[in-house]
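Visitor: Shown below is the structure under consideration.
The values are calculated or read from the model by the stated rules, or taken from the named source; none is laboratory data. What you see is a predicted model; the values in this text were computed from it and never measured. Glycine also receives a Cβ, built like all others from the backbone with ideal geometry; neighbour counts cover every protein chain displayed. What goes into the accessible areas is simple: the full protein's heavy atoms, side chains included, and nothing from ligands, DNA or RNA. Shrake-Rupley method; radii C 1.70, N 1.55, O 1.52, S 1.80 Å.
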Amino acid sequence: MATTTLNISLPDTMRNFVENKIANDGYTISEYVRELIRNDQKKEQSNLEALILEGLNSGEATPFTKSDFDEIRAVVTQRIVARQNAKNK
């Protein structure tokens, strides 16, 4: 797998935390950051799986109708207008 370099800026308190973490746990800085990212990816995957299961367990499937689509379109349109109005204030 190809790798690339990523530079980040941290406040001194966070840098000290990371340096202590790698000194005590035997990580390198790169390994520590990769582990944090992997854990975040796993969390997002778990959240997605939970949402899928929630949908599957939400009841009997019903046909998607034009009325359903119109209702969704109206909600989305309202959200867009509200967002534009908030942006213009």
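Visitor: If the Cβ limit is 8 Å and pairs must be 6+ apart or interchain, which residue in the stretch 3-18 that is open to solvent by 100 Å² or more (accessible area, probe 1.4 Å) pairs with which residue that is in a loop (DSSP other than H, G, I, E, B) and at pLDDT 95 or above?
Guide: none
Visitor: Can I ask one more? For the stretch 19-66, which residues satisfy the criterion of being in a loop (DSSP other than H, G, I, E, B), of a type in the set (Phe, Trp, Tyr) and open to solvent by less than 90 Å² (accessible area, probe 1.4 Å)?
Guide: If the condition is that a residue be in a loop (DSSP other than H, G, I, E, B), of a type in the set (Phe, Trp, Tyr) and open to solvent by less than 90 Å² (accessible area, probe 1.4 Å), then 27 is the only one that fits.
Visitor: Test residue 87 against the stated conditions and say whether it is modelled with pLDDT under 95, in a helix (DSSP H, G or I) and open to solvent by 100 Å² or more (accessible area, probe 1.4 Å).
Guide: The answer is yes for residue 87.
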